[in-house]
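Taken together, the values in this text are just the output of simple stated rules run on the coordinates, not laboratory data. In this text, all values refer to a predicted model and were calculated from it rather than measured experimentally. Positions of Cβ are generated from backbone atoms using ideal geometry, with glycine treated the same way; all protein chains shown enter the neighbour counts.
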Amino acid sequence: PFIQRLFPGQKIALITLAHRRLGFMVKPGNPKKIHEIDDLARLEVRFINRQAGSGTRVFLDAQLKMKGLKSGRIAGYLDERSTHSEIAAEVAEAHADTGIGLEAAAKAYGLDFILLTTERYDLAVRESALHLPPFQQLVNWLKEDDFRVLLNRLGGYESIESGNVIWVI
């Protein structure tokens, strides 16, 4: 439905790049014992957030709504960063106890990771462009072992559907 709203009346191909794991990034050993969204409301937990409009922020806000938690109860909710790496750096430097981000960012900063969800990461392409050589080369490369090895080295990504094309009409 989201793609149909963005591109009304157009045939759009979704090229699956990868699935990525999103969760809490915490100091090694998880000293604050953070395991679920409810833990963000504990008084001793300092959170660092992604900016409004980011997919990670949309995910968090949806989780808060489902749990009936008010954002005002979370210390650091209004303290925002633009990238997963910035969130990881804040946790690694002890400016925050946790933030939500990609497992790959947690790994890069030597942090522990507590999985919250896995999300599909797609590239939306108009039908007229999908048949162009660069997009065909991309689809083929996403299916190759070289891509899968590279993706696995990052950590936090799965390539099981990489290169699949799904049509949205």
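Are there any GluC sites (Glu not before Pro) in the stretch 1-85 that are in a DSSP loop and have at most 16 other Cβ atoms within 10 Å? List them by number.
Of the GluC sites (Glu not before Pro), the ones in loops of the stretch 1-85 whose Cβ has at most 16 other Cβ atoms within 10 Å are GLU36, GLU44.
Given the rule -39500 (n - 2.57) for each run of at least 4 DSSP H residues, summed and divided by the residues of the chain, what is its mean residue ellipticity at 222 nm, to the nearest 500 deg cm²/dmol?
Roughly -9000 deg cm²/dmol at 222 nm, from the helical runs in the chain.
Go ahead and set up a Gaussian network model of the chain, Cα springs under 10 Å, then flag whichever of ALA129, ALA18, ALA88 fluctuates most.
ALA129
Taking every pair of distinct Cα atoms and averaging 1/r, then inverting, what Kirkwood hydrodynamic radius in Å comes out for the stretch 28-169?
17.1 Å
May I ask you to list the aspartates and glutamates whose Cα is less than 12 Å away from that of LYS67, ignoring any residue fewer than eight positions away on the same chain?
List returned: GLU36, ASP38, ASP39.
As I understand it, the dipole of the stretch 29-169 uses +1 on the Cβ of Lys and Arg and -1 on the Cβ of Asp and Glu, about the Cα centre. Which of LEU40, LEU138, TYR121 lies farthest toward its positive end?
Going by the charge dipole, the pick is LEU40.
Please compute the modelled spin-label separation between LYS67 and HIS35, points set 7 Å along Cα→Cβ, answer in nm with one decimal.
Reported label-point gap for HIS35 and LYS67 is 1.3 nm.
Hey, got the dipole for the chain? About the Cα centre, +1 on K and R Cβ, -1 on D and E Cβ, debye to the nearest 20? Don't skip to the answer; put the middle values down first.
On the way: 22 positive and 21 negative charges, 82 e Å.
Here the size comes out at about 400 debye.
Tell me the label-point distance for the pair VAL165, THR118, using the 7 Å Cα-to-Cβ offset, in nm and rounded to one decimal.
The answer from the label model is 2.5 nm.
Quick one: among ASP146, ASP79, ASP122, which has the greatest mean-square fluctuation in a GNM of the chain with alpha-carbon springs under 10 angstrom?
ASP146
What list of ³J(HN,Hα) couplings, whole Hz, do you get for the stretch 159-169 from phi and the Karplus terms 6.51, -1.76, 1.60, once you set θ to phi - 60° and write x for glycine and proline?
Working through the residues one at a time gives 10, 4, 10, 4, x, 5, 10, 10, 9, 10, 10 Hz.
Just to be sure I understand the model, the point goes 7 Å from the Cα along the line to the Cβ. What's the resulting LYS107 to LEU154 distance in nm?
1.0 nm
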